[in-house]
Amino acid sequence: MDHLLVLLLLLLWNSGLQAEENHNSTEPVRLVGGDSRCAGTLELKHQGDWRPVSGSDSYWTLKEAAAVCRDLDCGSAVSVEQRDESSDRSMWRISSYCVQSRSTLRECAASHSSNYILNLTCSDSVRLVNGTSLCSGRLEVKTNPSNQWWSSVCEDDFDQQDAEVVCRQLGCGAPSVLQGALYGDVEASMWTKEFQCGGTESALLDCRSSGSDRNTCSPGKAVGLTCSEPVRLVGGDSRCAGTLELKRQGDWRPVEGSGWTLKEAAAVCRDLDCGSAVSVEQREGSSRRSVWWIRSDCVQSGSALRECAISVSSVSILNLTCSDLLLQPNISGSSSVDRVSEAQQQGFHVLRGSTFTISCSVQPQYPGGSFHLTFTSSTSALNYTQPAVNHSAHFLFPAAEPAHQGSYRCVYHVYVFSHDFFSESRLISLTVAEV
(Lines give C-alpha, C1' and ligand atoms only; values in the text may rest on other atoms or scores of the structure.)
Protein backbone atom coordinates (compact mmCIF):
# COMPACT_ATOMS: atom_id res chain seq x y z
CA MET A 1 0.00 0.00 0.00
CA ASP A 2 2.88 2.36 0.85
CA HIS A 3 4.37 1.72 -2.59
CA LEU A 4 1.05 2.57 -4.24
CA LEU A 5 0.81 5.82 -2.26
CA VAL A 6 4.34 6.85 -3.23
CA LEU A 7 3.61 6.05 -6.88
CA LEU A 8 0.44 8.14 -6.76
CA LEU A 9 2.29 11.10 -5.22
CA LEU A 10 4.98 10.85 -7.90
CA LEU A 11 2.35 10.85 -10.63
CA LEU A 12 0.65 13.92 -9.14
CA TRP A 13 3.99 15.72 -8.80
CA ASN A 14 4.94 14.93 -12.40
CA SER A 15 1.57 16.07 -13.68
CA GLY A 16 1.98 19.31 -11.71
CA LEU A 17 5.38 19.88 -13.30
CA GLN A 18 3.92 19.19 -16.73
CA ALA A 19 1.05 21.62 -16.11
CA GLU A 20 3.52 24.28 -14.96
CA GLU A 21 5.70 23.61 -18.02
CA ASN A 22 2.68 23.94 -20.31
CA HIS A 23 1.65 27.14 -18.57
CA ASN A 24 5.13 28.61 -18.85
CA SER A 25 5.36 27.64 -22.53
CA THR A 26 2.86 30.33 -23.45
CA GLU A 27 4.21 33.62 -24.74
CA PRO A 28 5.28 36.00 -21.91
CA VAL A 29 3.20 38.88 -23.23
CA ARG A 30 0.68 41.22 -21.64
CA LEU A 31 -1.41 44.29 -22.39
CA VAL A 32 -1.17 47.01 -19.74
CA GLY A 33 -2.83 50.37 -19.09
CA GLY A 34 -6.09 49.57 -20.89
CA ASP A 35 -9.65 49.11 -19.66
CA SER A 36 -9.16 45.36 -19.34
CA ARG A 37 -6.41 42.77 -19.56
CA CYS A 38 -7.34 42.47 -23.26
CA ALA A 39 -6.46 46.07 -24.19
CA GLY A 40 -3.49 48.36 -23.71
CA THR A 41 0.21 48.70 -24.43
CA LEU A 42 1.83 45.50 -25.65
CA GLU A 43 4.69 44.36 -23.43
CA LEU A 44 7.00 41.37 -23.83
CA LYS A 45 9.19 39.68 -21.23
CA HIS A 46 12.47 38.70 -22.87
CA GLN A 47 15.80 37.92 -21.21
CA GLY A 48 14.07 38.53 -17.87
CA ASP A 49 13.06 42.08 -18.82
CA TRP A 50 9.50 43.39 -19.39
CA ARG A 51 9.55 46.14 -22.02
CA PRO A 52 6.97 47.71 -24.37
CA VAL A 53 7.00 46.59 -27.99
CA SER A 54 8.11 49.31 -30.37
CA GLY A 55 5.65 50.58 -32.95
CA SER A 56 8.37 52.26 -35.00
CA ASP A 57 8.86 50.74 -38.48
CA SER A 58 7.35 47.44 -37.32
CA TYR A 59 4.40 47.48 -39.78
CA TRP A 60 2.09 45.64 -37.41
CA THR A 61 -1.40 44.94 -38.70
CA LEU A 62 -4.42 43.15 -37.23
CA LYS A 63 -2.94 39.98 -38.65
CA GLU A 64 0.05 40.16 -36.27
CA ALA A 65 -2.11 41.47 -33.40
CA ALA A 66 -4.36 38.42 -33.77
CA ALA A 67 -1.48 36.21 -32.60
CA VAL A 68 -1.17 38.22 -29.36
CA CYS A 69 -4.94 38.16 -28.71
CA ARG A 70 -4.90 34.40 -29.28
CA ASP A 71 -1.98 33.89 -26.83
CA LEU A 72 -3.80 35.95 -24.20
CA ASP A 73 -7.09 34.06 -24.83
CA CYS A 74 -8.65 37.45 -25.54
CA GLY A 75 -10.72 36.73 -28.64
CA SER A 76 -10.12 38.54 -31.91
CA ALA A 77 -7.88 41.53 -32.75
CA VAL A 78 -9.95 44.71 -33.09
CA SER A 79 -7.38 47.49 -33.36
CA VAL A 80 -3.63 48.10 -33.46
CA GLU A 81 -2.12 51.58 -33.31
CA GLN A 82 1.13 53.40 -32.66
CA ARG A 83 1.30 55.80 -29.73
CA ASP A 84 3.94 58.50 -29.45
CA GLU A 85 5.73 58.65 -26.10
CA SER A 86 7.39 61.87 -24.93
CA SER A 87 10.94 60.49 -25.18
CA ASP A 88 12.95 57.49 -26.35
CA ARG A 89 13.13 54.42 -24.12
CA SER A 90 14.34 50.84 -24.31
CA MET A 91 11.85 48.60 -26.12
CA TRP A 92 11.61 45.33 -27.99
CA ARG A 93 11.38 45.67 -31.75
CA ILE A 94 9.41 42.80 -33.29
CA SER A 95 9.33 42.49 -37.06
CA SER A 96 5.90 41.76 -38.49
CA TYR A 97 7.50 39.58 -41.17
CA CYS A 98 9.10 37.44 -38.46
CA VAL A 99 5.72 37.00 -36.72
CA GLN A 100 4.11 36.04 -40.04
CA SER A 101 6.62 33.19 -40.37
CA ARG A 102 4.89 31.68 -37.29
CA SER A 103 7.89 32.37 -35.05
CA THR A 104 7.20 33.29 -31.43
CA LEU A 105 7.40 36.92 -30.34
CA ARG A 106 10.49 36.16 -28.26
CA GLU A 107 12.22 34.66 -31.30
CA CYS A 108 11.49 37.88 -33.20
CA ALA A 109 12.54 40.35 -30.48
CA ALA A 110 15.54 42.67 -30.72
CA SER A 111 16.53 45.44 -28.33
CA HIS A 112 15.60 48.85 -29.70
CA SER A 113 15.28 52.48 -28.64
CA SER A 114 12.16 54.34 -29.72
CA ASN A 115 9.40 56.70 -28.62
CA TYR A 116 6.62 54.80 -30.44
CA ILE A 117 4.82 51.99 -28.65
CA LEU A 118 2.14 49.55 -29.84
CA ASN A 119 -1.35 49.62 -28.37
CA LEU A 120 -3.63 46.67 -29.06
CA THR A 121 -7.31 46.03 -28.40
CA CYS A 122 -8.79 42.52 -28.47
CA SER A 123 -12.49 41.66 -28.49
CA ASP A 124 -12.24 40.07 -25.02
CA SER A 125 -15.54 38.18 -24.76
CA VAL A 126 -16.51 37.29 -28.35
CA ARG A 127 -14.70 35.76 -31.30
CA LEU A 128 -15.39 34.16 -34.68
CA VAL A 129 -13.53 30.90 -35.33
CA ASN A 130 -12.91 28.70 -38.39
CA GLY A 131 -13.77 31.56 -40.76
CA THR A 132 -11.93 33.02 -43.72
CA SER A 133 -11.14 36.32 -41.93
CA LEU A 134 -11.46 38.05 -38.57
CA CYS A 135 -14.97 39.03 -39.67
CA SER A 136 -16.35 35.54 -40.32
CA GLY A 137 -16.67 32.26 -38.47
CA ARG A 138 -18.57 30.33 -35.83
CA LEU A 139 -19.54 32.63 -32.95
CA GLU A 140 -18.11 31.88 -29.52
CA VAL A 141 -18.61 33.84 -26.28
CA LYS A 142 -16.81 33.84 -22.95
CA THR A 143 -19.12 34.94 -20.16
CA ASN A 144 -16.48 35.63 -17.52
CA PRO A 145 -12.97 37.07 -18.07
CA SER A 146 -11.58 34.64 -15.48
CA ASN A 147 -13.37 31.72 -17.12
CA GLN A 148 -11.30 30.02 -19.83
CA TRP A 149 -14.30 28.33 -21.44
CA TRP A 150 -15.56 29.60 -24.78
CA SER A 151 -19.12 28.60 -25.67
CA SER A 152 -20.84 28.43 -29.04
CA VAL A 153 -24.23 30.08 -29.43
CA CYS A 154 -27.41 28.35 -30.58
CA GLU A 155 -28.98 29.84 -33.69
CA ASP A 156 -32.40 29.92 -32.00
CA ASP A 157 -31.00 32.27 -29.33
CA PHE A 158 -29.51 34.78 -31.76
CA ASP A 159 -30.99 37.21 -34.30
CA GLN A 160 -30.03 40.04 -36.67
CA GLN A 161 -29.87 42.69 -33.93
CA ASP A 162 -27.53 40.48 -31.90
CA ALA A 163 -25.39 40.02 -35.01
CA GLU A 164 -25.16 43.81 -35.50
CA VAL A 165 -23.70 44.14 -31.99
CA VAL A 166 -21.14 41.37 -32.54
CA CYS A 167 -19.97 42.80 -35.88
CA ARG A 168 -19.61 46.25 -34.31
CA GLN A 169 -17.71 44.85 -31.32
CA LEU A 170 -15.27 43.12 -33.68
CA GLY A 171 -14.74 46.32 -35.68
CA CYS A 172 -16.27 44.79 -38.81
CA GLY A 173 -18.99 46.01 -41.17
CA ALA A 174 -22.69 45.16 -40.97
CA PRO A 175 -23.73 41.47 -40.78
CA SER A 176 -24.23 39.94 -44.22
CA VAL A 177 -24.78 36.23 -43.51
CA LEU A 178 -26.29 34.60 -40.41
CA GLN A 179 -26.65 30.84 -40.73
CA GLY A 180 -26.29 27.86 -38.43
CA ALA A 181 -23.32 25.51 -38.88
CA LEU A 182 -21.95 27.64 -41.73
CA TYR A 183 -18.46 27.37 -40.21
CA GLY A 184 -18.80 23.93 -38.67
CA ASP A 185 -20.72 22.58 -35.71
CA VAL A 186 -19.47 21.55 -32.28
CA GLU A 187 -20.34 19.19 -29.49
CA ALA A 188 -18.71 21.47 -26.92
CA SER A 189 -20.51 23.71 -24.45
CA MET A 190 -23.26 25.98 -25.75
CA TRP A 191 -24.48 29.33 -24.46
CA THR A 192 -27.83 28.42 -22.91
CA LYS A 193 -29.73 31.73 -22.81
CA GLU A 194 -31.30 33.85 -25.52
CA PHE A 195 -29.59 37.15 -26.33
CA GLN A 196 -31.99 40.11 -26.44
CA CYS A 197 -29.95 42.95 -27.96
CA GLY A 198 -31.47 46.21 -29.11
CA GLY A 199 -28.81 46.49 -31.81
CA THR A 200 -27.06 49.60 -30.46
CA GLU A 201 -25.03 48.04 -27.63
CA SER A 202 -21.24 48.22 -27.85
CA ALA A 203 -20.67 44.63 -26.69
CA LEU A 204 -22.71 41.43 -26.81
CA LEU A 205 -22.49 40.86 -23.06
CA ASP A 206 -24.01 44.32 -22.51
CA CYS A 207 -27.26 42.95 -23.99
CA ARG A 208 -30.06 41.56 -21.89
CA SER A 209 -30.54 37.80 -21.99
CA SER A 210 -33.45 35.53 -21.16
CA GLY A 211 -33.78 34.38 -17.57
CA SER A 212 -34.28 30.71 -18.37
CA ASP A 213 -31.71 28.30 -19.75
CA ARG A 214 -32.23 26.34 -22.97
CA ASN A 215 -32.03 22.62 -22.34
CA THR A 216 -30.95 21.55 -25.83
CA CYS A 217 -29.70 22.92 -29.11
CA SER A 218 -30.29 20.87 -32.25
CA PRO A 219 -27.25 19.68 -34.26
CA GLY A 220 -26.25 22.06 -37.02
CA LYS A 221 -27.56 25.09 -35.10
CA ALA A 222 -24.32 26.71 -33.85
CA VAL A 223 -24.36 30.32 -35.07
CA GLY A 224 -22.19 31.00 -38.11
CA LEU A 225 -21.77 34.72 -38.80
CA THR A 226 -20.21 36.72 -41.63
CA CYS A 227 -19.78 40.47 -41.17
CA SER A 228 -19.14 42.60 -44.25
CA GLU A 229 -15.74 44.13 -44.81
CA PRO A 230 -15.90 47.88 -43.99
CA VAL A 231 -14.75 49.19 -47.38
CA ARG A 232 -16.37 51.53 -49.90
CA LEU A 233 -15.72 53.46 -53.10
CA VAL A 234 -16.79 57.12 -52.94
CA GLY A 235 -16.97 60.07 -55.31
CA GLY A 236 -17.40 58.02 -58.49
CA ASP A 237 -20.34 57.65 -60.85
CA SER A 238 -21.53 54.49 -59.12
CA ARG A 239 -20.93 52.58 -55.90
CA CYS A 240 -18.49 50.41 -57.87
CA ALA A 241 -16.10 53.23 -58.78
CA GLY A 242 -14.30 56.01 -56.90
CA THR A 243 -11.79 56.62 -54.10
CA LEU A 244 -11.17 53.56 -51.96
CA GLU A 245 -11.93 54.12 -48.27
CA LEU A 246 -11.56 51.72 -45.34
CA LYS A 247 -13.17 51.96 -41.91
CA ARG A 248 -11.07 50.90 -38.95
CA GLN A 249 -11.33 51.92 -35.31
CA GLY A 250 -14.50 53.83 -36.24
CA ASP A 251 -12.61 55.99 -38.74
CA TRP A 252 -13.23 56.13 -42.52
CA ARG A 253 -10.01 57.08 -44.33
CA PRO A 254 -8.76 56.87 -47.94
CA VAL A 255 -6.32 54.12 -48.84
CA GLU A 256 -2.79 55.15 -49.84
CA GLY A 257 -2.30 54.69 -53.56
CA SER A 258 1.21 53.41 -54.25
CA GLY A 259 2.04 49.87 -55.29
CA TRP A 260 -1.46 48.62 -56.07
CA THR A 261 -2.19 46.40 -59.06
CA LEU A 262 -5.38 44.86 -60.43
CA LYS A 263 -4.60 41.81 -58.27
CA GLU A 264 -5.10 43.76 -55.03
CA ALA A 265 -8.03 45.72 -56.49
CA ALA A 266 -9.80 42.44 -57.32
CA ALA A 267 -10.23 41.76 -53.58
CA VAL A 268 -12.03 45.10 -53.14
CA CYS A 269 -14.37 44.54 -56.09
CA ARG A 270 -15.14 41.07 -54.74
CA ASP A 271 -15.91 42.38 -51.23
CA LEU A 272 -18.24 45.02 -52.70
CA ASP A 273 -19.95 42.48 -54.98
CA CYS A 274 -18.84 44.64 -57.91
CA GLY A 275 -17.41 42.03 -60.25
CA SER A 276 -13.86 42.28 -61.58
CA ALA A 277 -11.28 45.04 -61.20
CA VAL A 278 -11.00 47.17 -64.36
CA SER A 279 -8.65 50.03 -63.44
CA VAL A 280 -6.38 51.19 -60.63
CA GLU A 281 -5.29 54.82 -60.51
CA GLN A 282 -3.06 56.67 -58.07
CA ARG A 283 -4.23 60.24 -57.46
CA GLU A 284 -2.30 62.99 -55.70
CA GLY A 285 -4.20 65.05 -53.12
CA SER A 286 -3.60 68.69 -52.30
CA SER A 287 -1.99 68.01 -48.90
CA ARG A 288 -0.84 65.22 -46.61
CA ARG A 289 -3.50 63.50 -44.55
CA SER A 290 -4.03 60.37 -42.45
CA VAL A 291 -4.65 57.38 -44.71
CA TRP A 292 -4.55 53.60 -44.49
CA TRP A 293 -1.58 51.94 -46.14
CA ILE A 294 -2.47 48.39 -47.20
CA ARG A 295 0.39 45.91 -47.33
CA SER A 296 0.11 44.23 -50.72
CA ASP A 297 1.84 41.02 -49.54
CA CYS A 298 -0.81 40.71 -46.83
CA VAL A 299 -3.68 41.11 -49.33
CA GLN A 300 -2.09 38.66 -51.76
CA SER A 301 -1.94 36.06 -48.99
CA GLY A 302 -5.75 36.10 -48.90
CA SER A 303 -6.25 38.31 -45.85
CA ALA A 304 -8.99 40.95 -45.77
CA LEU A 305 -8.06 44.62 -46.32
CA ARG A 306 -8.89 45.52 -42.73
CA GLU A 307 -6.37 42.96 -41.49
CA CYS A 308 -3.61 44.46 -43.65
CA ALA A 309 -4.01 48.19 -42.88
CA ILE A 310 -1.44 50.46 -41.24
CA SER A 311 -2.03 54.12 -40.37
CA VAL A 312 0.30 56.48 -42.28
CA SER A 313 0.37 60.04 -43.62
CA SER A 314 0.39 60.55 -47.40
CA VAL A 315 -0.76 62.78 -50.27
CA SER A 316 -1.42 59.79 -52.53
CA ILE A 317 -4.83 58.10 -52.60
CA LEU A 318 -6.28 55.26 -54.64
CA ASN A 319 -9.10 55.33 -57.21
CA LEU A 320 -10.61 52.03 -58.38
CA THR A 321 -13.15 51.04 -61.02
CA CYS A 322 -14.88 47.66 -60.88
CA SER A 323 -16.67 46.05 -63.81
CA ASP A 324 -19.98 44.95 -62.36
CA LEU A 325 -21.94 48.17 -62.72
CA LEU A 326 -21.68 50.13 -65.96
CA LEU A 327 -22.45 53.81 -66.05
CA GLN A 328 -25.83 54.72 -67.50
CA PRO A 329 -25.65 55.87 -71.13
CA ASN A 330 -27.03 59.24 -72.23
CA ILE A 331 -29.62 59.54 -74.97
CA SER A 332 -30.57 62.62 -76.97
CA GLY A 333 -32.43 63.40 -80.18
CA SER A 334 -32.27 66.19 -82.71
CA SER A 335 -34.04 67.25 -85.88
CA SER A 336 -34.41 70.34 -88.05
CA VAL A 337 -37.61 71.16 -86.10
CA ASP A 338 -36.80 70.50 -82.47
CA ARG A 339 -34.06 69.12 -80.25
CA VAL A 340 -34.24 67.25 -76.97
CA SER A 341 -31.31 67.18 -74.59
CA GLU A 342 -30.38 64.26 -72.36
CA ALA A 343 -31.66 66.15 -69.32
CA GLN A 344 -35.19 66.65 -70.66
CA GLN A 345 -37.79 64.11 -69.63
CA GLN A 346 -40.21 64.71 -72.53
CA GLY A 347 -39.67 63.48 -76.07
CA PHE A 348 -39.28 65.56 -79.19
CA HIS A 349 -41.25 66.28 -82.36
CA VAL A 350 -40.17 65.95 -85.96
CA LEU A 351 -41.96 66.83 -89.20
CA ARG A 352 -42.89 63.99 -91.48
CA GLY A 353 -40.22 63.56 -94.14
CA SER A 354 -37.53 65.47 -92.20
CA THR A 355 -34.20 64.10 -91.06
CA PHE A 356 -33.67 63.26 -87.37
CA THR A 357 -30.88 61.70 -85.30
CA ILE A 358 -30.87 59.71 -82.05
CA SER A 359 -27.49 59.97 -80.28
CA CYS A 360 -26.14 57.59 -77.62
CA SER A 361 -23.07 58.29 -75.46
CA VAL A 362 -21.41 57.10 -72.26
CA GLN A 363 -18.70 58.47 -70.01
CA PRO A 364 -15.29 56.87 -70.74
CA GLN A 365 -15.03 53.72 -68.66
CA TYR A 366 -13.86 50.95 -71.00
CA PRO A 367 -12.47 50.97 -74.53
CA GLY A 368 -14.68 49.85 -77.41
CA GLY A 369 -18.14 48.43 -77.01
CA SER A 370 -21.27 49.09 -79.02
CA PHE A 371 -24.64 50.80 -78.76
CA HIS A 372 -27.99 49.21 -79.47
CA LEU A 373 -30.86 51.60 -80.13
CA THR A 374 -34.13 49.92 -79.26
CA PHE A 375 -37.46 51.17 -80.63
CA THR A 376 -40.90 50.15 -79.40
CA SER A 377 -44.36 51.27 -80.45
CA SER A 378 -47.87 49.89 -80.18
CA THR A 379 -47.36 47.90 -83.38
CA SER A 380 -43.64 47.05 -83.67
CA ALA A 381 -40.23 46.70 -82.03
CA LEU A 382 -36.86 47.25 -83.73
CA ASN A 383 -33.20 47.19 -82.80
CA TYR A 384 -30.34 49.12 -84.48
CA THR A 385 -26.64 48.59 -83.67
CA GLN A 386 -23.50 50.70 -84.14
CA PRO A 387 -19.98 50.43 -82.69
CA ALA A 388 -19.05 52.92 -80.00
CA VAL A 389 -16.69 55.48 -81.54
CA ASN A 390 -15.20 57.86 -78.96
CA HIS A 391 -17.79 56.39 -76.55
CA SER A 392 -20.76 57.48 -78.68
CA ALA A 393 -22.92 56.51 -81.67
CA HIS A 394 -25.34 58.52 -83.84
CA PHE A 395 -28.32 56.86 -85.51
CA LEU A 396 -29.46 58.88 -88.56
CA PHE A 397 -33.00 58.56 -89.95
CA PRO A 398 -33.23 60.39 -93.33
CA ALA A 399 -37.04 60.67 -93.54
CA ALA A 400 -39.41 60.61 -90.57
CA GLU A 401 -42.56 58.54 -91.05
CA PRO A 402 -45.49 57.75 -88.70
CA ALA A 403 -43.94 54.30 -88.22
CA HIS A 404 -41.00 55.99 -86.40
CA GLN A 405 -43.33 57.30 -83.71
CA GLY A 406 -42.68 55.58 -80.37
CA SER A 407 -40.09 55.16 -77.58
CA TYR A 408 -36.32 54.93 -77.99
CA ARG A 409 -33.66 53.67 -75.58
CA CYS A 410 -29.85 53.32 -75.82
CA VAL A 411 -28.28 50.10 -74.54
CA TYR A 412 -24.48 50.12 -74.12
CA HIS A 413 -22.71 46.77 -74.45
CA VAL A 414 -19.06 46.02 -73.70
CA TYR A 415 -17.13 42.76 -73.37
CA VAL A 416 -14.42 42.88 -70.69
CA PHE A 417 -12.77 40.25 -68.51
CA SER A 418 -14.51 37.46 -70.44
CA HIS A 419 -17.97 38.82 -69.57
CA ASP A 420 -20.69 40.74 -71.40
CA PHE A 421 -21.95 43.86 -69.62
CA PHE A 422 -25.00 45.93 -70.56
CA SER A 423 -26.37 49.26 -69.34
CA GLU A 424 -29.58 51.01 -70.42
CA SER A 425 -30.42 54.71 -70.79
CA ARG A 426 -33.76 56.22 -69.92
CA LEU A 427 -36.53 56.26 -72.57
CA ILE A 428 -37.32 59.22 -74.82
CA SER A 429 -40.41 59.46 -77.05
CA LEU A 430 -40.69 60.64 -80.65
CA THR A 431 -43.80 62.20 -82.21
CA VAL A 432 -44.06 62.58 -86.00
CA ALA A 433 -46.23 65.50 -87.07
CA GLU A 434 -47.72 66.25 -90.50
CA VAL A 435 -46.23 69.16 -92.45
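The values are calculated or read from the model by the stated rules, or taken from the named source; none is laboratory data. Note that the structure is predicted; figures quoted are calculated from it, not measured. Positions of Cβ are generated from backbone atoms using ideal geometry, with glycine treated the same way; all protein chains shown enter the neighbour counts. Heavy atoms of the whole protein, side chains included, go into the accessibility calculation; ligands, DNA and RNA do not. Shrake-Rupley method; radii C 1.70, N 1.55, O 1.52, S 1.80 Å.
Order these peptides, 119-132, 420-433, by their mean beta-carbon neighbour count within 10 angstrom, highest first.
Ranked by mean Cβ neighbours within 10 Å, highest first: 119-132, 420-433.
Per residue, how large is the accessible surface of segment 230-282? Use a 1.4 angstrom probe and give square angstrom.
44
Among (1) 185; (2) 221; (3) 153, find the value of volume of the Cα convex hull per residue in Å³ that was calculated from the structure presented, and write down its label.
(2)
Please give the calculated 222 nm ellipticity per residue for the chain, where each DSSP H segment of at least 4 residues contributes -39500 (n - 2.57) and the sum is spread over every residue; nearest 500 deg cm²/dmol?
When only DSSP H runs of four or more count, the value is -4500 deg cm²/dmol.
Given the chain, what percent of its DSSP beta bridges are antiparallel, to the nearest 5?
Counting only bridges with both partners in the chain, antiparallel ones make up about 95 percent.
Which residue, chosen from SER335, GLY250, SER425, occupies the Cα position most advanced towards the positive end of the dipole of the chain, where the dipole is computed from +1 (Lys, Arg) and -1 (Asp, Glu) charges on Cβ about the Cα centre?
Towards the positive end, the residue furthest out is SER335.
Tell me, what % of the accessible area of the chain is carbon and sulfur with a 1.4 angstrom probe?
Whole-percent figure for carbon plus sulfur exposure: 48.
Determine the per residue accessible area of segment 75-206 with all protein chains present and a 1.4 angstrom probe, expressed in square angstrom.
47
With +1 on each Lys and Arg Cβ and -1 on each Asp and Glu Cβ, and nothing else charged, work out how big the dipole of the chain is about its Cα centre, in Debye to the nearest 20.
820
I'd like to compare 81-87, 105-111: which one has the highest average count of other Cβ atoms within 10 Å, and what's the full order after that?
With the highest mean Cβ count within 10 Å placed first, the list reads 105-111, 81-87.
Which pairs, out of LYS45/LYS142; LYS193/LYS221; LYS142/LYS221, put more than 25 Å between their alpha-carbon atoms?
LYS45/LYS142, as the Cα separations exceed 25 Å there.
Quote the FRET efficiency, to the nearest 0.05, computed for HIS413 versus GLN196 with a Förster distance R0 of 41 Å and r equal to the Cβ-Cβ distance.
Taking R0 as 41 Å, the efficiency between HIS413 and GLN196 is 0.20.
Which order do peptides 297-303, 376-382, 308-314 fall in by mean Cβ count within 10 Å, highest first?
Ranked from most to least packed, the peptides come out as 308-314, 297-303, 376-382.
Kindly report the accessible area of segment 351-435 per residue (heavy atoms of protein chains, probe 1.4 Å, no ligands, DNA or RNA), in Å².
53
State whether segment 225-290 is rounded, prolate or oblate according to the following rule on the C-alpha gyration tensor (a ≥ b ≥ c being the square roots of its eigenvalues): a/c under 1.5 gives rounded; otherwise a/b larger than b/c gives prolate, and the remaining case gives oblate.
oblate
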